[in-house]
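Take a look at the structure set out below.
The values are calculated or read from the model by the stated rules, or taken from the named source; none is laboratory data. These figures come from a predicted structure and were not determined experimentally. Cβ sites come from the backbone with ideal geometry, for glycine too, and all protein chains shown count toward neighbours.
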Amino acid sequence: MTQHFVVIGSPIVHSKSPQIHQVFATQVSLDISYQRQYCPDDEGSFTAVIEAFFHGGGAGANVTVPFKQMAYAYCQVHGGLSEHAKIAGAVNTLLLNRALLDNGAPIVDAIYGDNTDGRGLVTHISSLGWVLTGARVAIIGAGGAARGVILPLIEAGITQLTVANRTVSKAQTLATELSAASDKISACDIEICATSDLRGTFDIIINATSIGLTDATLPLSTDLQTRYAYDMMYGRALPFLEHFAARGAQTSEGYGMLIHQAALSFERWTGHTINVEQAILALGNKS
Ligand code: NDP
């Protein structure tokens, strides 16, 4: 019997998740359908989309821009959250909580949220040979993706984390919420990236904004340098990476993160472990 999956976002046409999950399914001989689902950016529409999907027999969903915090709020009230999702305050993976269903809960009260983004990022960065232990890291962006990766980065041994965001209050909230996990998190305005103030401060700079989905660019000072630069966006030319590559940094787009976080979601939904290296080869070695 075909198992149905979906990725919900706005915009969503760029998502490579359907191809990736089809490769995983082929690897473990499962019959699946995995579709992109556009959703208007409001809570009512998002709730209607996920409830219709699970009522219709859906087995699992991914949630992407801009719905990760909305998905967290939904699961908090309905079917529950994993530890990673709770700490992140953001959800990228939805599934039905079988224990609640078996106890007679209606489907809409058994939608459970996990977050695999951070583990996907850390696994990919480690596979690149970039050392996280002792690293001083800056994350630009404070949305759902940034929230998901901070705790796994701290667990991987980074020693300093600066969160820079356009809406500085969101970066401050994030730093406050995660202060129990680390006293090394600070928050600042994204405008600081356009000045010389951050020069020489970081080993790794990560772009976790959604600016790569548009033609806009981040304000980056010509002085701003790092050893490693990572952009969570993938599949198009990224001025953020070009900026740092021109200054001698090693760079990576987020395609490898996408595959690793997807493998963890797939495992959560189906119980099958994916050989990620084999999947990358099948996908055309793009990470
Ligand atoms: P959200 O919508 O939750 O957050 C968007 C973030 O981008 C906010 O910090 C926002 O700042 C910032 N931002 C948006 N536009 C601009 C701009 N013009 N200038 C400066 N900052 C801007 O999105 P997510 O956190 O879910 O996703 C962020 C990105 O990460 C997306 O591109 C997504 O595709 C990518 N991603 C990739 C993954 C992978 O596996 N490779 C996994 C998860 C995400 P503000 O708070 O001020 O609005």
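Residues are listed down the side, and each one gets a yes or a no for (1) under 23 Å from Thr167 (Cβ atoms); (2) among the basic types (Lys, Arg); (3) within 13 Å of the ligand (Cβ to nearest atom):
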residue	(1), (2), (3)
Ser179	yes, no, no
Ala187	yes, no, yes
Leu264	no, no, yes
Trp269	no, no, no
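Out of the residues in region 20-45 meeting the condition of being hydrophobic (A, V, I, L, M, F, W, C) and touching a Ser or Thr at 6+ places or on another chain (Cβ under 9 Å), tell me which one is nearest to the ligand (Cβ to nearest atom). Reasoning before the result, please.
At the first step, the residues of region 20-45 found to be hydrophobic (A, V, I, L, M, F, W, C) are 20, 23-25, 28, 30, 32, 39.
Filter once more, keeping what is touching a Ser or Thr at 6+ places or on another chain (Cβ under 9 Å): 24-25, 28, 30, 32, 39.
On the way: Phe24: 14, Ala25: 19, Val28: 21, Leu30: 22, Ile32: 19, Cys39: 13 Å.
Among those that are hydrophobic (A, V, I, L, M, F, W, C) and touching a Ser or Thr at 6+ places or on another chain (Cβ under 9 Å), it is Cys39.
Return the only residue of Ser15, Ser10 being at pLDDT below 95 and within 20 Å of the chain's Cα centre (by Cα).
One residue alone meets the criteria, Ser15.
When residues of region 18-58 are filtered for being among the hydrophobic types (A, V, I, L, M, F, W, C), part of a loop (DSSP other than H, G, I, E, B) and either outside the structural domain of Ala73 (by TED's automatic domain parsing) or under 20 Å from the mean Cα position of the chain (by Cα) (or both), how many remain?
1
Which is more than 16 Å from the ligand (Cβ to nearest atom), in contact (Cβ under 8 Å) with a residue 12 or more places away in the chain and not in a helix (DSSP H, G or I), of Gly104, Gly79? Show your work before the answer.
On the way: Gly104 fails: in contact (Cβ under 8 Å) with a residue 12 or more places away in the chain.
The conditions single out Gly79.
Yes/no matrix, rows are residues, columns are (1) assigned to a loop (DSSP other than H, G, I, E, B); (2) within 8 Å of the ligand (Cβ to nearest atom); (3) not small (Gly, Ala, Ser):
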{"residue": "Ile192", "(1), (2), (3)": "no, no, yes"}
{"residue": "Ile206", "(1), (2), (3)": "no, no, yes"}
{"residue": "Gly212", "(1), (2), (3)": "no, yes, no"}
{"residue": "Leu220", "(1), (2), (3)": "yes, no, yes"}
{"residue": "Gln225", "(1), (2), (3)": "yes, no, yes"}
{"residue": "Tyr230", "(1), (2), (3)": "no, no, yes"}
{"residue": "Tyr234", "(1), (2), (3)": "yes, yes, yes"}
{"residue": "Ala237", "(1), (2), (3)": "yes, no, no"}
{"residue": "Phe240", "(1), (2), (3)": "no, no, yes"}
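Please go through region 138-170 and pick out each residue that is free of Cβ contacts under 8 Å to residues at least 24 places away in the same chain and either aliphatic (A, V, I, L, M) or surrounded by 19 or more Cβ atoms within 10 Å (Cβ to Cβ) (or both).
Within region 138-170, just Val168 meets the criteria.
Of the conditions (1) within 14 Å of the ligand (Cβ to nearest atom); (2) among the aliphatic types (A, V, I, L, M); (3) more than 23 Å from Ala171 (Cβ to Cβ); (4) touching a Gly at 6+ places or on another chain (Cβ under 6 Å), Val13 clears all except one; give me its number.
Only one criterion is unmet by Val13, namely (4).
Could you tell me whether Ala73 is in a loop (DSSP other than H, G, I, E, B) and either aromatic (Phe, Trp, Tyr) or within 30 Å of Ser179 (Cβ to Cβ) (or both)?
Answer is no for this residue.
Yes or no: region 91-98 includes at least one residue that is in a loop (DSSP other than H, G, I, E, B) and within 16 Å of the ligand (Cβ to nearest atom).
Yes, because at least one residue in region 91-98 is in a loop (DSSP other than H, G, I, E, B) and within 16 Å of the ligand (Cβ to nearest atom).
From the list Arg136, Arg166, Arg227, which one is basic (Lys, Arg), within 28 Å of Pro11 (Cα to Cα) and at pLDDT 90 or above?
Unique residue meeting the criteria: Arg166.
Out of (1) within 18 Å of the chain's Cα centre (by Cα); (2) within 12 Å of the ligand (Cβ to nearest atom); (3) farther than 24 Å from Lys86 by Cα; (4) not charged (D, E, K, R), what's the single condition that is false for Gly120?
(3)
What tally of residues in region 242-263 results from selecting those that are within 14 Å of Ser127 (Cβ to Cβ) and assigned to a helix (DSSP H, G or I)?
Within region 242-263, residues that are within 14 Å of Ser127 (Cβ to Cβ) and assigned to a helix (DSSP H, G or I) number 8.
Quick check on this structure: which one of Glu277, Glu267, Glu242 is out of contact with any Lys or Arg (no Cβ under 6 Å at 6 or more places or on another chain), closer than 22 Å to Ser82 by Cβ, of a type in the set (D, E, K, R) and surrounded by fewer than 22 Cβ atoms within 10 Å (Cβ to Cβ)?
One residue alone meets the criteria, Glu267.
Restricting to region 115-137, name every residue that is surrounded by 24 or more Cβ atoms within 10 Å (Cβ to Cβ) and not in a loop (DSSP other than H, G, I, E, B).
Those that are surrounded by 24 or more Cβ atoms within 10 Å (Cβ to Cβ) and not in a loop (DSSP other than H, G, I, E, B): Asp117, Gly118, Gly120, Leu121, Ile125, Val137.
I'd like to verify a number: residues in region 55-71 that are in contact with a Gly (Cβ under 6 Å, 6 or more places away or on another chain) and within 8 Å of the ligand (Cβ to nearest atom), how many?
Total satisfying the criteria: 4.
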